[in-house]
1. Rounded, prolate or oblate: which one fits segment 448-539, using the alpha carbon gyration tensor with axes a ≥ b ≥ c (rounded when a/c is under 1.5, else prolate when a/b beats b/c, else oblate)?
2. When the Karplus curve 6.51 cos²θ - 1.76 cosθ + 1.60 is applied with θ = phi - 60°, which whole-Hz ³J(HN,Hα) does each residue of segment 155-166 get, with x for Gly and Pro?
3. Would you list which lysines come within 26 Å of LYS164, measuring only between C-alpha atoms, while excluding same-chain residues fewer than 8 positions from it?
4. So what's the gap between the Cα centers of segment 109-146 and segment 408-467, to the nearest angstrom?
5. Once amide H atoms are built 1.01 Å from N in the peptide plane, which residues 5 or more positions from ASP310, or in another chain, come under 5 Å H to H?
6. Leaving out ligands, DNA and RNA, and with a 1.4 Å probe, what % of the accessible surface on segment 66-444 is carbon or sulfur?
7. Let me check something: with ligands and nucleic acids excluded, how do GLU161, GLU478 order by accessible area (1.4 Å probe), largest to smallest?
8. So which lysines can LYS330 reach, going by Cα to Cα under 22 Å and dropping same-chain residues fewer than 8 places off?
Amino acid sequence: MGSNEDSHPEISGQQAQCFDNLFWIRQHRWLSTVSEYILKEQSAMLLNIIIFAFALLWTQIHCATPEQWTQRSIYQVLTDRYARTDNNHSAKCNTTERVYCGGTYRGVINNLDYIADMGFSAIWISPITYNIEGTTGWGEAYHGYWQQDLFKLNSHFGSVEDLKDLSDELHRRKMYLMVDIVVNHFAWPGPANEVVYSKFATFDSASFFHPYCIVSDYDNQTMVEQCWLGDKNVELVDVNTEDSRVVSTFQGWISSLVSNYSIDGLRIDTAKHVHKSFWPAFNKDAGVFSTGEVLSGNVDYLCDYQNYLDSLLNYAIYYPLTQTFSSTTKNMSGLISIHQQIQKSCKSPKSLLTFASNHDQPRLAALTPSLALRKNALAYTMMSDGIPTLYQGDEQSFSGRSDPDNREAVWVSGFDKTAPLYTMIQTLNKLRSWAGRKESSYWNAMSEVVWNDSNALAMRKGQVVALLTNKGENMSLETVKVSNPGYAASTKLMDVVACQEAMVGQDGVLSVNMTKGEPQVFYPLDGLSWSGICQPWLGRTDRLRLP
């Protein structure tokens, strides 16, 4: 099987022990039989000893801290649309039908090499809980967001053992597992006045939910937090997360979920629709890194949620990023302004998930047909602040505009590792990880825009300088002079995207030719030895191994 060991961030001794403990527990499932025997013999003392021992061990397992997550990059997997158990790459998946297409946890396991070889060190999978069965006015619950029972799995994706095996395989590869969860609502396949609350396991009466109302004003925070999403086809019945019974149930549930499946991180759906005070204790009981979906481009509004959660999806940068790189005439100033505002306003910009599309937004290729522009947009997500997050299929230039068209099956691509965006992302993942090993301050450094004009910018993070433009493939040859790249005079550099050398002038200015609108990402030439990046000129082709 393939490996991405050369593109993983450094793994500490404590973290390696964490992975070893996870693997040990999974390999010793016979312990449950021992526990059953102890219960049968009614030996309370022995049982308490085992429980205490495992509690100590579990504190070692939960070692994926927010700081360690910042050194990762995430590949978003829409479980039903990534890979099938039978590995049938010609299986049809008509997105307009809105039905299950057959993607499974076993399919993900069988095709992890594709993700790992692209350099990603974590995956984010769809919600795993039991959903509405059958069809609705909006099709089937193939996406996983229409839950009805917290304590059962969605069997369409696989069994309990399949999910545990996926977790095991990721940890064997020293990769992380992020699971999408829904706290805000339960789903009902019909209008609000027909909800049968007894169908919701655990929360089986109306008393656990907010009374019906619709969100008609998104500037009204009370309405945002207490009114219902959805419509008469599928109502998203809003859970009353101010109710102490609800709070207690969710806290116990998330602790067990993380423990049972050895989860390293959580992506929280519709986080802004839950009262903020709910999140700190929930995050603590989860014991792992949590990032929330707060769908807002307002920097101050978004950043405030980082006082309650570890991380957020960076929608504040998503909007100017996609606008800037979807037009050859858009001025860079808007993107730069928001980039700098986030650095000033957010508690930890490096913990935010930086992305250019997802399952709720148009594909990048739908907004930006130009391959050169897409390369620049994705290079920004990879080399800027935050945790780079790629939505499955963007590396294959999938172009669905909106739900359900943007939920294509990845298997139809044949998992092509030669696609131009795949290879560029592979290189940038490798460089990002390498820079983190070479430079002690890289992971904590904030990216700084050191030069810009109306259609280009140079952004520096540590020893990496990314030169990006939105002029597109048709731009004429142009010499750009970056007056303050931060390198010493006469420093030799490598543009790792094109594997072309450059040199800083005696005056400290970096002069480079830009053509065809391609991004250029520079790193000091003498710092790339043994990196495996732009191999031929180094004369080294073997892969590195992690300590």
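1. Values: a/c = 1.83, a/b = 1.30, b/c = 1.40.
Since a/c reaches 1.5 but b/c is at least a/b, the shape of segment 448-539 is classed as oblate.
2. Coupling constants for segment 155-166: 5, 4, 8, x, 8, 4, 5, 4, 5, 5, 5, 4 Hz.
3. Excluding near neighbours in sequence, the set is LYS152, LYS174, LYS284.
4. 26
5. Sorted by chain and number, the residues that satisfy this are SER290.
6. Numbers: 5750 of 12210 Å².
Solvent-exposed carbon and sulfur of segment 66-444 make up 47 percent of the total.
7. If we order GLU161, GLU478 from most to least accessible, we get GLU161, GLU478.
8. Straight-distance partners of LYS330: LYS375, LYS471, LYS481, LYS516.
The values are calculated or read from the model by the stated rules, or taken from the named source; none is laboratory data. Please read all numbers here as calculations on a predicted model, not as lab measurements. Here the Cβ is made from the backbone with ideal geometry for all residues, glycine too, and neighbour counts use every protein chain on show. Quick note on the areas: whole protein, heavy atoms, side chains included, nothing else; ligands and nucleic acids left out. Shrake-Rupley method; radii C 1.70, N 1.55, O 1.52, S 1.80 Å.
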